[in-house]
2 protein chains.
Amino acid sequence: MTTAAPSARALAHPAREEIRLEGVLHALSDPLRMLIVCELAAAQVGVTCSHFDLPVTKSTSTHHFRVLREAGVIQQNYRGTAKLNGLRRDDLDALFPGLLDSVLDAAARQEARLGA
Amino acid sequence: MTTAAPSARALAHPAREEIRLEGVLHALSDPLRMLIVCELAAAQVGVTCSHFDLPVTKSTSTHHFRVLREAGVIQQNYRGTAKLNGLRRDDLDALFPGLLDSVLDAAARQEARLGA
């Protein structure tokens with residue numbers, strides 16, 4: 001069972017109850033994926049993949065978005081040929097209250113400390 | 001620079017300022033390592049590796065403890081031939097306030113939900 005819309009072009013997403021803490025933490029343990037998550041947290045609307053100026057190839061970027069989607073951290077839906085990305089904040093907050101905010105805060109503190 | 005004691009048998013630990021969020025999250029993204037961290041959080045004193053009844057070989061267990069130590073999540077110090085393990089709560093709380101508690105809470109919630 002997934003939360004994806006029943007379309008041939010819909011992307012597979014875990015249902016809320018299928019999301020696992022270890023998968024979420026693994027998805028967040030990569031600096032580029034954390035960067036994506038921080039930008040999505042700051043955005044109030046869906047963001048296309050091409051919005052992100054990541055220093056990696058397109059296929060590597062696609063891989064990172066897929067890891068985040070398959071872990072249940074983000075949702076990805078097609079709009080035309082572009083993928084719109086958004087954080088699954090409601091699902092994560094329901095399963096793990098406070099976790100996402102503490103990770104985002106930790107990332108901001110580290111960025112402020114290291115300037116990276 | 002490390003926080004390890006200047007002994008030939010001392011184990012290398014990252015100094016507080018060397019601890020990175022991505023390394024901490026990666027260390028916590030494995031179920032066995034999370035189990036170790038939860039038990040250490042519940043313990044008020046150092047705990048030997050042999051205390052943990054992990055369903056893996058000794059070398060795999062040693063690997064997991066090393067990942068946690070090198071990420072800055074735990075400290076390991078020899079007492080005789082045994083290693084005493086403890087959470088680096090002060091360091092983690094100073095760097096990433098609230099993160100460890102929210103992860104421990106998330107792990108407890110998932111265990112209660114899945115019974116695993």
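Since every read-out is calculated from the coordinates, none of them should be taken as a lab result. If you're wondering where the values come from, they're calculated on a predicted model, not measured in any experiment. Note: ideal-geometry Cβ built from the backbone for every residue, glycine included; neighbour counts use all protein chains shown.
General remarks:
- Counted charge near B:Thr60, where neighbours are those whose Cβ lies closer than 13 Å (Asp, Glu -1; Lys, Arg +1): +2
- When B:Asp90 is represented by a point 7 angstrom out along its Cα-to-C-beta vector, the spacings to that point in the other copies are 4.4 nm, nearest first.
- Fraction in percent of alpha-carbon pairs per bin - 10 Å, the protein assembly as shown: 7, 30, 33, 20, 8, 2, 0
- Peptide B:101-108 shows a mean partner chain C-beta count of 5 within 10 Å per residue C-beta.
- Separation of the stretch B:12-39 and the stretch A:55-116, taken as the distance between their Cα centroids, equals 20 angstrom.
- Our helix-only sum for the protein assembly as shown, with -39,500 (n - 2.57) per DSSP H run of n ≥ 4 divided by its residues, gives a mean residue ellipticity at 222 nm of -15000 deg cm²/dmol.
- Rg over Rh for the stretch B:18-111 works out to 0.93, both radii taken from alpha-carbon positions and Rh defined as the Kirkwood radius.
- Ranking of A:Asp105, B:Asp91, B:Asp53 by neighbouring Cβ atoms within 10 Å, starting from the fewest: B:Asp53, A:Asp105, B:Asp91.
- The mean number of partner chain beta-carbon atoms within 10 angstrom of a residue's beta-carbon across peptide A:88-98 is 2.
- Listed from fewest to most Cβ neighbours within 10 Å, the set A:Asp93, A:Asp30 follows the order A:Asp93, A:Asp30.
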